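A.B. asks: Got a structure here, written out as structure tokens. Questions coming.
The values are calculated or read from the model by the stated rules, or taken from the named source; none is laboratory data. Everything numeric in this text was worked out from a predicted model, so none of it was measured. The protein model used for the area step is the full one, side chains on, heavy atoms only, and it has no ligands, DNA or RNA in it. Shrake-Rupley method; radii C 1.70, N 1.55, O 1.52, S 1.80 Å.
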Amino acid sequence: MRLHKSSAAIMALLMVLLLSSTTAAAELKDISSSWAKADIQALAAEGVISGYPDGTFRPKNPITRAEFARIVARAFNLQSTNQAQFSDTRNHWTKGEISALAAKGIIQGYPDGRFHPDEKITRAEIVTMLIRALKLDKDFSA
């Protein structure tokens with residue numbers, strides 16, 4: 001896996017996104033007073049994040065499992081397999097990113113065979129995905 005040039009900013013904003021995705025950084029009209037403005041702009045410039053169709057980023061909104069999957073896949077430059085790994089992602093707008101993360105073992109579904117892409121993501125899920133993406137889980141002894 002290859003990180004984009006601004007990997008430090010990527011990791012900083014990924015943690016910011018615990019709280020907070022689909023337009024270019026200069027066009028994001030609701031980040032001017034955000035404490036994370038520089039990080040948001042850096043990641044938008046790298047193509048890791050974008051805004052919503054209305055030109056907003058909505059930095060205080062919660063993030064869904066699908067939105068975070070897209071961010072992680074873009075941050076780590078993972079290529080889409082376009083094969084739905086979960087029964088509820090066959091026609092989802094992030095099917096490609098979710099399948100790429102599943103293929104790398106970064107995400108797993110629920111026991112019911114679904115991913116629940118439109119549910120809010122928990123902090124524990126974010127940490128787990130980041131550890132797997134960064135391959136840090138191999139550094140911990142069981």
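A.B. asks: What percentage of all Cα-Cα pairs in region 75-138 are separated by more than 19 Å?
C.D. replies: When every Cα pair of region 75-138 is considered, 28 percent fall beyond 19 Å.
A.B. asks: Accessible surface of residue 67 in the full protein assembly, 1.4 angstrom probe, to the nearest 10 Å²?
C.D. replies: Looks like 20 Å² after rounding.
A.B. asks: While we're here: Hey, what do the phi angles of region 65-77 turn into as Karplus ³J(HN,Hα) couplings, whole Hz, using 6.51/-1.76/1.60 and θ = phi - 60°, x for Gly and Pro?
C.D. replies: The phi angles translate into 4, 5, 4, 5, 4, 4, 4, 5, 4, 5, 4, 9, 6 Hz.
A.B. asks: In whole percent, and with a 1.4 Å probe on the protein chains, what portion of the accessible area of region 47-122 is carbon and sulfur?
C.D. replies: Carbon with sulfur: 45 percent of the solvent-accessible area.
A.B. asks: I need the phi-derived Karplus couplings for region 112-129: 6.51 cos²θ - 1.76 cosθ + 1.60, θ = phi - 60°, integer Hz, Gly and Pro marked x.
C.D. replies: Going residue by residue, I get 7, x, 10, 9, 6, x, 9, 7, 5, 8, 8, 4, 4, 5, 5, 4, 4, 4 Hz, with x marking Gly and Pro.
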